[in-house]
Every structure is written in structure tokens, then in C-alpha cells.
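Report on the following structure.
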Amino acid sequence: MSAEDDDGALAARIAKGDDRQAEAELCRRWFPRVRAYGRLHLGANDAADLAQEVLAVLIRALREGRIEDASRLGAYVSGVCRNIASGWKKGERRRGSLLERFGPTWLQTTAPPPMLEQARLVECLRKLSARERAVVVLTFYADKDGDEIGRELDMSAGNVRVARHRALKQLLSCVGGES
Amino acid sequence: VIAFERLAMLARHELPQAEAEEVEDHVLGCATCAATLERLLDLGDGIAQLTRAGQGFFLSGRSLVETLEREGKVTRRYAIEPGGEVHCTVDARDVYTRLRLGLDTGGLRRVDLLYESPSVNYRIEDLPFHEGEVVFVQAAEYIRTLPTERKTVRLVAVEDGNDRELAVYTLNHTAFKP
């Protein structure tokens with residue numbers, strides 16, 4: 001398969017018939033993005049499960065020719081993500097049948113997210129100023145919003161956001177992530 | 001690629017719903033943005049876990065210290081007024097040690113802390129401060145590595161790039177004995 005095949009071409013190949021290679025490639029492309037969505041809405045433990053479920057639904061829809069316009073692929077995935085995540089939040093979780101039929105082909109093609117090294121993070125946090133460290137710890141540990149942190153540290157909410165973004169960029173760069 | 005600030009706000013669920021959905025749709029189509037979002041979420045979880053586990057090293061500000069107090073993470077407390085000193089130590093059960101430094105904070109814009117001892121010297125920049133005090137916690141895990149020694153904590157105001165000494169505090173530390 002050509003690396004240049006775009007999502008639309010892959011979708012067309014899947015719709016034509018039994019093309020496991022195209023399915024695996026499409027899932028390899030989409031899995032990390034859907035997992036990020038799942039991480040945001042459901043947390044780390046359920047993110048990969050959500051990605052599997054969403055992609056199983058996508059592959060089935062493509063096989064059955066239910067997505068005729070490939071330019072709508074993104075909107076379709078987005079809708080499925082929201083529906084499934086919303087259902088899972090309400091406790092409506094059914095797993096198994098779709099994944100049994102569609103999952104094994106491509107599950108091995110999706111790499112897990114890189115692990116954050118805790119010792120490295122400790123070192124990186126030490127490099128922040130005391131105020132920046134307070135801002136990120138109040139944000140993520142104490143779960144405070146910008147207004148609350150601003151009142152606590154005698155800063156405007158806007159300045160809190162600027163300080164937080166600057167600290168997060170510095171931390172991501174320090175631990176080796178993207179920024 | 002979407003602006004980092006919007007991804008950070010998405011990660012914190014701080015965007016209005018319509019804007020959040022717009023950014024989510026972008027993330028679903030952007031591998032780079034999805035990776036950054038996951039790293040941000042990892043970072044947030046990591047910071048919370050480290051703090052909870054008592055590895056926060058040095059965390060300052062009244063509200064943060066009070067949050068740690070409420071959750072039972074502050075296991076030892078000292079308070080010193082300017083020019084004063086205290087005998088201090090740490091044991092195996094400690095998580096964070098709280099230190100309150102009395103200080104006339106009127107008119108101050110930025111306060112740095114200079115930590116000086118025979119074994120280690122460091123500077124902590126831009127401490128949050130409150131009326132009449134600077135308050136912070138140190139991780140007991142770190143304090144357990146320190147030898148018995150006399151330490152000096154110096155608070156300075158940073159004005160036009162220069163230090164102006166505000167107050168000095170002395171800590172007579174007795175090393176942890178396992």
C-alpha cells in the first residue's frame with residue numbers, strides 16, 4: 001500500500017471489499033487521535049477502549065458502505081466519539097461483539113502512548129519558579145480554576161493562564177514531549 | 001496545528017462547549033495536536049500523583065498548603081519569625097513539612113528564597129506570599145536526605161534585578177535516623 005493513500009482512498013478500499021491492510025492503516029492513523037479524545041472525556045483507563053470501540057464502528061460503517069462521502073469521515077468519527085463517550089459516562093457500556101469482529105486485525109498496529117517518566121517530571125518541576133509550580137500544582141492537584149488561583153496568588157486570571165501555559169510548555173519540553 | 005493555549009484550556013475543560021467541540025474536532029484530525037493533548041493530560045495526572053505521593057519538593061502558597069493540610073499530607077510544622085531559629089528534623093512517616101516564615105510583606109512585588117547550608121545551596125524564585133507571611137511545604141522525602149547541619153533561609157526582595165535582604169531565619173536540622 002502506498003504511504004500516500006489518504007483517508008478517503010483507504011475508506012474507498014475498505015468499502016470495496018475485504019481489505020484488512022487498508023483497515024489496519026486507517027485505524028493506525030485514527031487510533032491515537034481518538035484515544036486523545038477518550039483520555040479527555042473518560043480518563044486514562046478507558047481511552048484506548050473508547051478508541052477501539054469507535055474504530056470498530058467506523059470500520060463496520062465503511063464495510064457496509066454507509067459512509068459514501070469520504071470528506072465526511074472526520075465528522076462521522078467525531079459524532080461516534082461523542083455518542084459512545086456520552087453513553088459510557090451514563091454507564092451504558094457494551095463491549096465485545098464489535099471488537100471481536102473488527103478489532104484483532106488492527107489492534108497490533110496501534111502503539112501505546114509514551115510513558116511519562118516520574119523522576120524526570122520531578123526534576124522538571126524543580127526548574128519552575130515557585131509561583132509557576134504553585135500555579136500548575138493548584139491547577140492539577142487542587143483542581144482550582146484561574147480565578148481561584150488568581151485570588152490565592154494575587155494575580156489576574158489572565159496572568160494565571162499565561163503563567164500556566166508558559167509553565168506547561170516548559171514542562172513538556174523538559175520531559176521530552178511536544179509543545 | 002492549533003494554539004497551545006487552546007489545547008491547555010481544552011485539557012482543563014475550560015472552553016465554552018461550542019469552542020471545546022471545535023477544538024476537539026480539530027484534534028481528531030490532527031495527529032500532532034492529539035499527541036500534545038495526551039501529553040498535557042499525562043502531565044496533569046503526573047503532577048497530581050507526584051504531589052499526592054509527597055514528591056512535590058517545594059510547594060508554596062497558603063491555599064496549596066491548606067489543601068495539603070486538609071488531605072493529611074502535612075505531618076510536621078514549624079514557624080519562625082525574622083531573625084529567629086528553630087530545631088527541626090524529619091522521620092519515616094512524614095510526607096510534607098510546613099514552614100511558615102513571618103515577614104512584613106507590605107509593598108513587595110517579588111520575593112525569592114536563598115537556602116544556604118554547608119551541604120547545599122539553592123535559590124527559589126518568585127515565592128507566592130501573603131500578608132505577614134511566606135508559607136511553604138518541603139517534601140519529607142527530600143528532607144530525609146539532608147545531614148545534620150545549620151541552615152540559613154534568607155528572603156530577599158528582587159527590585160530592578162537586585163536583591164534586597166528582607167529577613168533571615170535559621171534551621172538547626174537534625175538528620176533523619178532510619
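The values are calculated or read from the model by the stated rules, or taken from the named source; none is laboratory data. All figures in this text were calculated on a predicted structure; none of them were measured in a lab. Cβ: placed from backbone, ideal geometry, glycine included. Neighbour counts: every protein chain shown. Note: areas computed on protein heavy atoms with side chains; ligands, DNA, RNA excluded. Shrake-Rupley method; radii C 1.70, N 1.55, O 1.52, S 1.80 Å.
Of the candidates B:Glu125, B:Glu116, the single residue that is acidic (Asp, Glu), open to solvent by 50 Å² or more (accessible area, probe 1.4 Å), under 20 Å from the mean Cα position of the chain (by Cα) and over 18 Å from B:Leu64 (Cβ atoms) is B:Glu116. Scanning the stretch A:55-79 for residues that are facing another protein chain (nearest Cβ under 10 Å) and of a type in the set (Val, Ile, Thr) yields one hit, A:Val77.
Taking the stretch A:38-61 as the range and being open to solvent by less than 30 Å² (accessible area, probe 1.4 Å), over 17 Å from A:Glu23 (Cα atoms) and touching a Lys or Arg at 6+ places or on another chain (Cβ under 7 Å) as the test, only A:Ala47 passes.
Screening B:Glu66 with (1) open to solvent by 60 Å² or more (accessible area, probe 1.4 Å); (2) in a loop (DSSP other than H, G, I, E, B) gives one miss only, at (2). Only residues that are without any contact (Cβ under 8 Å) to a residue 60 or more places away in the chain, within 24 Å of B:Lys73 (Cα to Cα) and surrounded by 14 or more Cβ atoms within 10 Å (Cβ to Cβ) were counted across the stretch B:154-178, and they come to 0. I'd like the full set of residues that are open to solvent by 20 Å² or more (accessible area, probe 1.4 Å), more than 7 Å from every other protein chain (Cβ to nearest Cβ) and in a helix (DSSP H, G or I), limited to the stretch B:1-49. The answer is B:Arg6, B:Met9, B:Gln17, B:Ala18, B:Glu19, B:Glu21, B:Glu22, B:His26, B:Gln49. Within the stretch A:120-145, the set of residues being among the acidic types (Asp, Glu) and not in a helix (DSSP H, G or I) comprises A:Asp143, A:Asp145. So for the stretch B:130-148 (the condition being outside any strand (DSSP E or B), within 14 Å of the chain's Cα centre (by Cα) and either at the interface with another protein chain (Cβ under 10 Å from one of its Cβ atoms) or farther than 21 Å from B:Leu166 by Cα (or both)), does at least one residue qualify? Yes, because at least one residue in the stretch B:130-148 is outside any strand (DSSP E or B), within 14 Å of the chain's Cα centre (by Cα) and either at the interface with another protein chain (Cβ under 10 Å from one of its Cβ atoms) or farther than 21 Å from B:Leu166 by Cα (or both). One residue stands out in the stretch A:145-154 among those that are surrounded by 18 or more Cβ atoms within 10 Å (Cβ to Cβ) and at the interface with another protein chain (Cβ under 9 Å from one of its Cβ atoms): the one that is nearest to the chain's Cα centre (by Cα), namely A:Gly146. When the residues of the stretch A:155-179 are filtered to those that are assigned to a loop (DSSP other than H, G, I, E, B) and within 8 Å of chain B (Cβ to nearest Cβ), the one that is modelled with the highest pLDDT is A:Gly177. Taking (1) within 14 Å of chain B (Cβ to nearest Cβ); (2) surrounded by 15 or more Cβ atoms within 10 Å (Cβ to Cβ); (3) among the basic types (Lys, Arg); (4) without any contact (Cβ under 8 Å) to a residue 12 or more places away in the chain in turn, A:Arg35 satisfies each apart from (4).
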